[in-house]
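In what follows, a structure is listed as structure tokens, so that the remarks can point back to it.
The values are calculated or read from the model by the stated rules, or taken from the named source; none is laboratory data. All of these numbers come straight from a predicted model, not from anything done at the bench. Note: ideal-geometry Cβ built from the backbone for every residue, glycine included; neighbour counts use all protein chains shown. Note: areas computed on protein heavy atoms with side chains; ligands, DNA, RNA excluded. Shrake-Rupley method; radii C 1.70, N 1.55, O 1.52, S 1.80 Å.
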Amino acid sequence: MHPTTLPLLNHPDLLASRQDWLKRMEALFAGETLDQVFALQGIQQYTEDDDPDWQAWLDHALDELAAQVERARDRRVFRPLIVNYNPRGVHFVDYFFGADVFRLDDGSWQAHTLNQPVGQLEPPALERLPAWRVMQNAAEAFLERRIEGVTFALPTIASALNIAINLYGQAILEAMYTDPQAAQRDLQVINEVLCQLHRWYIAHLPFEKMQCIVPDGRHQPAGYGQLCGCSTQLLSPRLYREFVAPLDDALFSIYPHGGMIHLCGDHDQHIPTWRAMASLRAVQMNDRAAEDLPAYFNELRPDQILYVNPCEKMPVERILAITGGRRLVLVSG
């Protein structure tokens, strides 16, 4: 790490600006009306490499963020500085369950489904997995550097349904009809592991320095969790309510203030379930999900905050017309 990096990332002006933005975000979550639309676009150093010299990567990432300190003090857009070591991307947890995770030529990750029936999944012994120890070491190394102006982002811990589909493909969906006990068992096994991962981070990182995956566009106040709801678009309201919603609620509930669900498809059939889920405090929507903003704004609870990424069919002007800037985090490009 360059000698100037630590002073820059701990500069009082940067820390004061960051604290001001976080206070405004806390006020938004508390239901207060802000004096301007809350806009968010973090500055992130990110990698999905599974075996980099992560110590060198971390120091290089911090050096790169130090060069962005002036941008991070933007008074119009919240631009938190972030490091995100996310090996294997959305297949991070699949690897722990023994899936064959491999990299494609374009740099993205994919996984082969398990060659076993639904209902026999065994939880991994995390303490015996070198890949998990690396993740623990990375978090501890970040703390050792005593950087106050940077957020440490967790890897993609995803959600029980997302991981189950990665591990089984459509077989997990079929099992919800043909062998519901087997489906429920394996979803529960997965969720317990996800909660175990979150609990480790909660026990070892201060909430003020920690965010879940992709905080450049999903940053929340301290003490909120997150899960990826991408695959909920594949479920009917009944299947989600019976098989998955209790698990999502359990994961959110290990955080002091609940958490956020990420959506990117056609999910609005679940709005009644999410409205009733007290632990769900924010809904983040991009791409296809953003097109359903009117339904989310009108049908969710007044205390559920909406993070919206503008898209072709939901431009900024329409987002503001629908929400009036209320309950809104506008994810700026």
Can we say residue 261 is open to solvent by 10 Å² or more (accessible area, probe 1.4 Å), under 23 Å from residue 157 (Cβ atoms) and in contact (Cβ under 8 Å) with a residue 24 or more places away in the chain?
no
Looking at the range 160-178, I want the residues that are without any contact (Cβ under 8 Å) to a residue 24 or more places away in the chain and under 21 Å from residue 261 (Cα atoms) and have a partner that is in a helix (DSSP H, G or I) and β-branched (Val, Ile, Thr) with Cβ atoms under 8 Å, at least 6 apart or on another chain. Which pairs are those?
none
Among all residue pairs at least 6 apart or on different chains, which show Cβ distances below 8 Å where the first residue, located in the range 52-80, is surrounded by 15 or more Cβ atoms within 10 Å (Cβ to Cβ) and the second is among the aromatic types (Phe, Trp, Tyr)?
54/85; 57/85; 58/85; 58/142; 78/21; 78/38; 80/21
Could you list, in sequence order, the residues of the range 137-161 that are assigned to a helix (DSSP H, G or I) and in contact with a helix residue (DSSP H, G or I) (Cβ under 9 Å, 6 or more places away or on another chain)?
137, 138, 139, 140, 141, 142, 143, 160, 161
